[in-house]
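Visitor: First the structure, which I've put down as structure tokens, then a few questions once you've had a look.
The values are calculated or read from the model by the stated rules, or taken from the named source; none is laboratory data. Predicted model, so just to flag it, every value in this text is computed and none were measured. FYI the Cβ positions are ideal-geometry reconstructions off the backbone, even for glycines, and counts take in every protein chain you see. The protein model used for the area step is the full one, side chains on, heavy atoms only, and it has no ligands, DNA or RNA in it. Shrake-Rupley method; radii C 1.70, N 1.55, O 1.52, S 1.80 Å.
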Amino acid sequence: MRRTDLVAEGWNSHPDAPRPGTFLCVLDDIPDGEGHEFRFGAGPSALRVFVVRRGRSAWGYVNCCPHNFVPLNDQPDRFVTFDHEWVICSVHGAVFRYEDGVCEDGPCAGRALERVPVVVEGRVVRLAA
Ligand code: FES
């Protein structure tokens with residue numbers, strides 16, 4: 001599945017998309033203010049999702065920048081600015097809000113990351129039902 005197909009059809013149409021309720025991690029596996037990537041499937045066609053955390057809240061997104069449809073990170077699990085204020089795309093520096101993935105500044109301002117709904121239950125992070 002190409003990234004542009006993923007964008008057109010949504011993350012849960014990916015053949016390796018996890019089922020609702022899938023366990024992702026324990027909240028403490030993601031340092032406060034940071035992000036962590038999860039891959040579903042193998043190779044270049046794997047579905048890449050990342051979760052960013054602030055305190056006891058977490059938000060999930062497809063790891064695909066709405067500017068050029070490429071992964072945001074250039075290093076493993078590097079998804080945020082150094083001050084932990086923004087999710088950032090390493091390619092052209094677009095910055096996105098943690099809470100809804102909307103791009104506040106950069107070449108795709110006003111567009112948004114594709115949300116992957118997650119829930120925090122106690123200390124467990126799962127895909128939402
Ligand atoms: S590819 Fe992400 S800002 Fe250009």
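Visitor: Can you tell me which residue within region 56-96, out of those that are within 22 Å of S45 (Cβ to Cβ), touching a residue at least 60 places away in the same chain (Cβ under 8 Å) and assigned to a loop (DSSP other than H, G, I, E, B), is nearest to the ligand (Cβ to nearest atom)?
Guide: Only one residue tops the list, namely V70.
Visitor: Now a separate question. Out of (1) at pLDDT 95 or above; (2) farther than 24 Å from A129 by Cβ, what's the single condition that is false for T4?
Guide: (1)
Visitor: Related question: Take the residues of region 97-123 that are assigned to a strand (DSSP E or B) and open to solvent by 40 Å² or more (accessible area, probe 1.4 Å): which is farthest from the ligand (Cβ to nearest atom)?
Guide: So, considering only residues that are assigned to a strand (DSSP E or B) and open to solvent by 40 Å² or more (accessible area, probe 1.4 Å), the one farthest from the ligand (Cβ to nearest atom) is E121.
Visitor: Which condition does V52 not pass, out of (1) over 13 Å from the mean Cα position of the chain (by Cα); (2) modelled with pLDDT of 95 or more, if it passes all the others?
Guide: Every condition holds for V52 apart from (1).
Visitor: Can you spot a residue in region 19-32 that is within 16 Å of the ligand (Cβ to nearest atom), assigned to a loop (DSSP other than H, G, I, E, B) and touching a Pro at 6+ places or on another chain (Cβ under 9 Å)?
Guide: Here is the first cut: in region 19-32, the ones within 16 Å of the ligand (Cβ to nearest atom) are none.
There is no residue in region 19-32 that is within 16 Å of the ligand (Cβ to nearest atom), assigned to a loop (DSSP other than H, G, I, E, B) and touching a Pro at 6+ places or on another chain (Cβ under 9 Å).
Visitor: From the list R97, R111, R115, exactly one residue is more than 20 Å from N12 (Cα to Cα) and of a type outside the set (D, E). Which is it?
Guide: Sole residue among the options that is more than 20 Å from N12 (Cα to Cα) and of a type outside the set (D, E): R97.
Visitor: Could you figure out which of (1) surrounded by fewer than 19 Cβ atoms within 10 Å (Cβ to Cβ); (2) more than 15 Å from the ligand (Cβ to nearest atom) isn't true of R53?
Guide: Evaluating R53 over (1) surrounded by fewer than 19 Cβ atoms within 10 Å (Cβ to Cβ); (2) more than 15 Å from the ligand (Cβ to nearest atom) leaves (1) as the failure.
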